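A quick write-up on the structure given underneath.
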Amino acid sequence: MQHGKYRFIAGFLAAPLGLYALFVVWPFVQSIYYSFTDWTGLSPDFSVVGLDNYARLWDDDVFWTSLRHSLLFALLLPVLTIGLALFFAFMINVGGRPRRGAAVSGVRGSSFYKVAYFFPQVLSIAIVALLFQFAYNPESGAINSGLRAIGLGGVQPLWLGDPDLALWCVMAVLVWSTVGFFVVLFSAGMASIPRDFYEAALLDGAGRITTFFRITLPLLRDTIQSGWVYMGILALGAESFAVVQIMTTGPGGPDYSTTVLVLYVYQSAFRDGAAAYATTIGVALLVVTLAFAAVVMRLGRRERLEY
């Protein structure tokens, strides 16, 4: 049975690893190489300029502004999204009142809530961004119209037109559009936790808060860690780009108040014709993403709980 085992395994792994190296690893290597050139992206001609792009990056105020915004997204979005998702999932699965034949149950209508929370995932992020762009319109948007309807006509923020509010408006959209996915993810994790644990805790006099922190949270730690990394990657990558690109003025405005690293990469490459500099920003984004994932994985390291 052992004869040719490793050749058999290598035969199955060769194709997927080859595709991964070709379409994932090799583009990263190319990007790092082009960051040391003056390639415009519009011509096959370029020359090696050494660390000039990195020196320009160091003195670029827009880069540091976009880096600060991206780090804010990476730090706050997972906290808000996963925190809300854990609360909703806990209420849906074990947060209801005891019923006949079940000491532990979710709130009434939990099946409907699961569908309602997951609904934004059915919509494209581009559609979500367009809907909220209309909602944030200071003249005819749903939010300011609602404020006028309840007698708060004097409270009419510019929302996306206000440099102090624009970034928080974008962040709210990202939380709304992603929290449903994690509600379903954590609900699946909670459904796998034996009900006996909760029933024993209730018999010992534990309340909902104690049950959540003593049973649910420790047993979902691996799932939360994976969700944290995934949400951080979304916040640093495509999701934040789509929302900022579609919703904001500029895009990235007003006055660079919503510019994030991934948007700055796009603008440098396709608006400014500086593909080499864009790859330099992309390398910085790669470092930030890897550092974020490494920190989360390191902080979440522990012995696996079996149940």
Check your understanding: Rounded to whole Å and sorted largest first, what semi-axes of the equivalent ellipsoid does the C-alpha gyration tensor of the stretch 217-265 yield via the square root of 5 times each eigenvalue?
Key -> 30, 9, 8
**Study point:** Cα principal axis extents for the stretch 60-300, largest first, Å
**Key:** 66, 50, 27
Point to revise | Calculated [θ] (222 nm, deg cm²/dmol) that DSSP helices of n ≥ 4 give over the chain, each run adding -39,500 (n - 2.57) | key: -20500 deg cm²/dmol
Check your understanding: DSSP H helices in the chain with Cα extent of 27 Å or more along the helix axis and mean Kyte-Doolittle hydropathy at least 1.0?
Key -> 61-94, 166-191, 275-299
Check your understanding: Could you give the Stokes-Einstein D for the stretch 235-307 in µm² per second, using the C-alpha Kirkwood radius, 10 °C, 1.306 mPa s?
Key -> 114
Revision key, fill the gap. Scattering profile of the stretch 182-282 from the Debye formula, Cα beads only, expressed as log10 I(q)/I(0) at q = 0.15, 0.18, 0.20 Å⁻¹, is -0.71, -0.84, -0.95
Exercise for review: Quick one: grab Rg to one decimal and Dmax as a whole number for the stretch 76-207, Cα atoms only, in Å.
Suggested key: 19.1, 56
Check your understanding: Near the amide H of T37, under 5 Å away, which other amide H atoms are found, from residues 5 or more places off or on another chain, if H is placed in the peptide plane?
Key -> V49
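Rank S226, S177 by accessible area, highest first, at a 1.4 Å probe radius?
Output order, biggest surface exposure first: S226, S177.
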Review point. How would you order 246-255, 208-217, 144-153 from highest to lowest mean count of nearby Cβ atoms within 10 Å?
Key: 246-255, 208-217, 144-153
Revision key, fill the gap. Rounded to a whole %, the carbon-and-sulfur portion of the accessible area of the chain at a 1.4 Å probe is 67
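The values are calculated or read from the model by the stated rules, or taken from the named source; none is laboratory data. Keep in mind the model is a prediction, meaning the values are calculated, not measured. Cβ atoms come from the backbone with ideal geometry, glycine included; neighbour counts cover every protein chain shown. Surface areas here come from the heavy atoms of the whole protein model, side chains and all, with no ligands, DNA or RNA. Shrake-Rupley method; radii C 1.70, N 1.55, O 1.52, S 1.80 Å.
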